[in-house]
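The values are calculated or read from the model by the stated rules, or taken from the named source; none is laboratory data. The model shown is predicted, which means the values in this text are computed figures rather than measured ones. Using ideal geometry, Cβ is built from the backbone for each residue, glycine included, and neighbour counts are taken over all protein chains shown.
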Protein chains: 4
Amino acid sequence: MTDFHETTVRVRYAETDQMGVVYHANHYVWFEIGRTEMLRSAGINYKEMETRDDCFIVVVESSCRYLRPARYDDVLRIRTRITDAKPRILRFGYELLKDSDGELLATGETVHVICDKLGRPKSLPPRYRRLFGITNPGPDPTMN
Amino acid sequence: MTDFHETTVRVRYAETDQMGVVYHANHYVWFEIGRTEMLRSAGINYKEMETRDDCFIVVVESSCRYLRPARYDDVLRIRTRITDAKPRILRFGYELLKDSDGELLATGETVHVICDKLGRPKSLPPRYRRLFGITNPGPDPTMN
Amino acid sequence: MTDFHETTVRVRYAETDQMGVVYHANHYVWFEIGRTEMLRSAGINYKEMETRDDCFIVVVESSCRYLRPARYDDVLRIRTRITDAKPRILRFGYELLKDSDGELLATGETVHVICDKLGRPKSLPPRYRRLFGITNPGPDPTMN
Amino acid sequence: MTDFHETTVRVRYAETDQMGVVYHANHYVWFEIGRTEMLRSAGINYKEMETRDDCFIVVVESSCRYLRPARYDDVLRIRTRITDAKPRILRFGYELLKDSDGELLATGETVHVICDKLGRPKSLPPRYRRLFGITNPGPDPTMN
């Protein structure tokens, strides 16, 4: 997988609040778009990952630092990185930039465990390990 | 089921937009709360209706007239009525009032078909027909 | 303004619900995107319309018919039409199609009044009347 | 202000996603409700704080750890604490519990700066300092 991936979204009216800027919880929706599009660019269709391979990338931690407000109609660039990839845990980092001038608006991170449909932790199947760049996982310290 | 049912919600910051009032799509979320609470008051737990009886009340039409804006922190009274109940189709009407002074803010309607988990139309089981007040459905014109 | 305008959105995970399809209120968010992009294609930046011209396109009615479910990761085509344009009232019609095969998923309509920042109705400024194709409004029956 | 404050919300259908549990960004909306209700219980109406005193509690950091999924129709108890209060910075901690059995579902934190309507940092007015328990702020190290 490449070092980082970029995709853009345009801020929706529904995402603003009465402060005149984007409501802070929406950044996490954008981070998810960054994640999905990064996977897609690496040949991973997350929809199929769920339906065909019974692999759900479940969020166990999320965090965001808000540096500058995002505003209605802004085009935002979501820069996504995998900061850690293990057979059972994935960690993503995000930078949110205003596309017009490259101003950094927010940074964030999410941590995920791989689960099946019933929410039970599992390891990434070999095909996905390769796509996530987990080439030599060795003994998995998170295995029971 | 009684003539109408009332429940209240307090407007969340997340529900406002940069116009300083509630974003119009959120009214439909409140209508759904009105529906759920009306069912609950009639002895129907919608969660169990889905999980135990494989009955999903799927929205096929929705409409809303916005008379006055709803604002952050307002307590809203959702008045819900069943305007038509057939074994396969339910119709609900809504009035949204400002709880403090009874001002009417919006009216709405939703139409629903009963479906199973896979989205196939089905009839309400007898127990629910009784609770919805469908006492004598007669031949169902929507049956194939 | 052209007969109709099309833009696309990809369904977000956040827009789905536990029925496994898109939650019905989100269609209205997409209709708004269709509206905004139609205006943009006609040379109207809605953001500036609000900030520079103190013209808010306030929703007074909305409705939607749901024909087929929209699903996660689907690319949707929003086809937007102006179905009526008067100096004080705008009416838009929408069709929502699955981009991959053109299947019609939903149709909808919204009605809007033009207001200033304080929510007082006003007429569209001449520049916008032209862009909305209101060439000869004649006496405005909604004027006081 | 008391040590902690509790309020409850019921999970809405709109808050679930196709994994069958609550979409992770919604926890931040609940944290905000916890915050608002904690302020209200201490005699602070946040709506008036914005409109009358031009004091906006702007989120600059947010984080959440998801321990167990929240599910549709669950009643959740939001336990909110002020973990740090300075004239210009507020820090809140949250625990999210399932009301029926007290199971801890998530913990979180948000950090806020006080701003005016234009987004410029300012200090809390004396009245609010007292209510937030900032009795002897001393020299403010965050002042320029």
**Request:** Answer with yes or no whether B:Asp17 is within 14 Å of chain C (Cβ to nearest Cβ), free of Cβ contacts under 8 Å to residues at least 12 places away in the same chain and of a type in the set (D, E, K, R).
**Result:** yes
**Request:** Give me the pairs, please: first residue somewhere in the stretch B:96-123 and at positive phi, second residue anywhere and surrounded by 15 or more Cβ atoms within 10 Å (Cβ to Cβ), beta-carbon distance under 9 Å, and either six or more positions apart or on two chains.
**Result:** B:Gly102/B:Arg77; B:Gly119/B:Phe56; B:Gly119/B:Val58; B:Gly119/C:Met19; B:Gly119/C:Gly20; B:Gly119/C:Val21; B:Gly119/C:Pro69
**Asked** How many residues does the stretch C:92-127 hold that are under 12 Å from the mean Cα position of the chain (by Cα) and surrounded by fewer than 14 Cβ atoms within 10 Å (Cβ to Cβ)?
**Response** 0
**Asked** For the stretch A:20-39, what are the residues that are without any contact (Cβ under 8 Å) to a residue 60 or more places away in the chain, at negative phi and within 14 Å of chain B (Cβ to nearest Cβ)?
**Response** A:Val21, A:Val22, A:Tyr23, A:His24, A:Ala25, A:Asn26, A:Val29
**Message:** Every residue in the stretch D:102-128 that is of a type in the set (A, V, I, L, M) and out of contact with any strand residue (DSSP E or B) (no Cβ under 8 Å at 6 or more places or on another chain), please.
**Reply:** D:Leu118
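Give me a count of the residues in the stretch A:105-123 that are among the hydrophobic types (A, V, I, L, M, F, W, C) and modelled with pLDDT under 95. Before the answer, list the steps.
Taking the stretch A:105-123 first, the residues among the hydrophobic types (A, V, I, L, M, F, W, C) are A:105-106, A:111, A:113-115, A:118.
Filter once more, keeping what is modelled with pLDDT under 95: A:118.
Within the stretch A:105-123, residues that are among the hydrophobic types (A, V, I, L, M, F, W, C) and modelled with pLDDT under 95 number 1.
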**Complete:** All-but-one check, C:Ala42 against (1) surrounded by 17 or more Cβ atoms within 10 Å (Cβ to Cβ); (2) touching a residue at least 60 places away in the same chain (Cβ under 8 Å), failing number (1)
**Asked** Do you know which of the residues in the stretch D:5-14 that are over 15 Å from D:Leu90 (Cβ atoms) and away from chain C (no Cβ under 13 Å) is surrounded by the most Cβ atoms within 10 Å (Cβ to Cβ)?
**Response** D:Val9
**Request:** Go through (1) touching a residue at least 24 places away in the same chain (Cβ under 8 Å); (2) under 19 Å from D:Arg71 (Cα atoms); (3) not acidic (Asp, Glu) one by one and return the number of the condition B:Ile82 breaks.
**Result:** (2)
**Request:** Inspect all residues belonging to the stretch A:83-104 and state whether any of them is modelled with pLDDT of 95 or more, touching a helix residue (DSSP H, G or I) at 6+ places or on another chain (Cβ under 9 Å), under 27 Å from D:Gly119 (Cα atoms) and of a type in the set (A, V, I, L, M, F, W, C).
**Result:** yes
**Request:** Give the residues of the stretch B:1-29 that are assigned to a loop (DSSP other than H, G, I, E, B) and either among the aromatic types (Phe, Trp, Tyr) or more than 21 Å from D:Thr8 (Cα to Cα) (or both), sorted by residue number.
**Result:** B:Met1, B:Thr2, B:Asp3, B:Phe4, B:Asp17, B:Gln18, B:Met19, B:Gly20, B:Val21, B:Tyr23, B:His24, B:Ala25
**Asked** Tell me, which residue of the stretch A:40-63 that is among the hydroxyl-bearing types (Ser, Thr, Tyr) and under 23 Å from D:Gly108 (Cα atoms) is farthest from the other protein chains (Cβ to nearest Cβ)?
**Response** A:Ser62
**Prompt:** Can you name the residue in the stretch A:64-91 that is buried (at least 19 other Cβ atoms within 10 Å of the Cβ) and within 13 Å of chain D (Cβ to nearest Cβ) and, of all such residues, is nearest to the chain's Cα centre (by Cα)?
**Reply:** A:Cys64
